[in-house]
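Participant: Handing you this structure, nothing more for now.
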Amino acid sequence: MGDYQAPQDLLKDKIILVTGAGDGIGKTAAKTFAAHGATVILLGRTTPKLEMVYDEIEAAGGPQPAIFPMDLNTATIETFEHFAEAVDQEFGRLDGLLHNASLLGQRTPIANYHFGTWQQVMQVNVNAAFGLTKVLLPLLDKSEAGSIVFTGSGVGLKGRAYWGAYSVSKFATEGLMQVLADELDGVSNTRANSVNPGATRTNMRATAYPAEDPKSVVAAEEIMPTYLYLMGADSRGVSGRQFNAQKR
Ligand code: NDP
């Protein structure tokens, strides 16, 4: 859906949570959702970055966002439950959930992979997405059509040497999305899909490919049509599918 053209009011009155909203693709997604009318909940681990996104959304005339600092690496189920209560109190429902935050971890052979780093990557990329999904499902079911979007990767569809826990976590993300979508099928108005952004100009990409000219990969703004499509009404009824954001 890389060529999807979203109406300007696509997300009017929607409440959408973006994890990892302080930087990279998450930051651009939060600003884009707000520009299309959504009230975004900005979740991330670095408060000044979230405040900057907040200010940019307000300056652009978007609906006032909400900020919720959280380190997904140390968050527990109690942290997630407290967060869900806060969202319930403030908004009473959730229309969209973009699981975007991720850690890259090490680029090294499995035999060398640091056990603690492996656990952190799985915690942030998989366990936190599971925990947040679990506690937020009742709020998504209060929406007339909730949308959960997981973030995958090319190395989560075909394993590649030296990508370690990141690759494995992205396979698990696809699995989580598929199991959930199957469970929701026919019993809930909430849908679940995954998006593979493809090579995108962010800090994570620069860390993974230090020799690459950043200008040779697309900016996050260019992959937003797929994100908008998945959050908006035009993808109603679409569930259990994996999307490549750079496919036209
Ligand atoms: P960035 O590293 O630029 O941004 C990741 C965001 O996640 C940051 O805002 C970061 O916070 C946040 N984050 C990381 N760890 C935690 C944590 N423990 N708790 C809360 N927030 C955290 O990555 P991208 O924007 O490139 O990636 C976004 C998504 O897209 C990821 O899921 C990634 O795997 C996926 N992806 C990206 C590709 C690319 O080419 N860029 C290609 C394929 C997939 P902070 O700013 O504080 O560090």
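Participant: Evaluate segment 126-140: report whether one residue or more is in contact with a Gly (Cβ under 9 Å, 6 or more places away or on another chain) and among the charged types (D, E, K, R).
Facilitator: Within segment 126-140, not a single residue is in contact with a Gly (Cβ under 9 Å, 6 or more places away or on another chain) and among the charged types (D, E, K, R).
Participant: Moving on. Quickly run through segment 100-125 and pick out the residues that are surrounded by fewer than 22 Cβ atoms within 10 Å (Cβ to Cβ), part of a helix (DSSP H, G or I) and aliphatic (A, V, I, L, M).
Facilitator: Selection gives I110, A111, M122.
Participant: Take A181 and decide whether it is within 22 Å of D95 (Cβ to Cβ) and either among the small types (G, A, S) or not in a helix (DSSP H, G or I) (or both).
Facilitator: In short, yes.
Participant: Does A101 fit the bill of being in contact with a helix residue (DSSP H, G or I) (Cβ under 9 Å, 6 or more places away or on another chain), modelled with pLDDT of 95 or more and closer than 18 Å to P225 by Cα?
Facilitator: No: the conditions fail for A101.
Participant: Are there helices (runs of 4 or more DSSP H) fully within segment 1-96 with at least 2 residues that are of a type in the set (G, A, S) and in contact with a strand residue (DSSP E or B) (Cβ under 8 Å, 6 or more places away or on another chain)? List them. Steps first, answer last, please.
Facilitator: On the way: elements: 24-35, 47-59, 77-91.
In segment 1-96, the matching helices (runs of 4 or more DSSP H) lie at 24-35.
Participant: Okay, moving on. Answer with yes or no whether I15 is in contact with a Leu (Cβ under 9 Å, 6 or more places away or on another chain), farther than 21 Å from E221 by Cβ, more than 8 Å from the ligand (Cβ to nearest atom) and at pLDDT 95 or above.
Facilitator: yes
Participant: One residue is enough: does segment 136-143 have a residue meeting the conditions under 20 Å from the mean Cα position of the chain (by Cα), within 11 Å of the ligand (Cβ to nearest atom) and either under 21 Å from S169 (Cα atoms) or surrounded by 23 or more Cβ atoms within 10 Å (Cβ to Cβ) (or both)?
Facilitator: No, segment 136-143 has no match at all.
The values are calculated or read from the model by the stated rules, or taken from the named source; none is laboratory data. Small disclaimer: the values here were computed from a predicted structure and weren't measured. Reconstructed Cβ throughout: ideal geometry from the backbone, glycine too, with neighbour counts over all protein chains shown.
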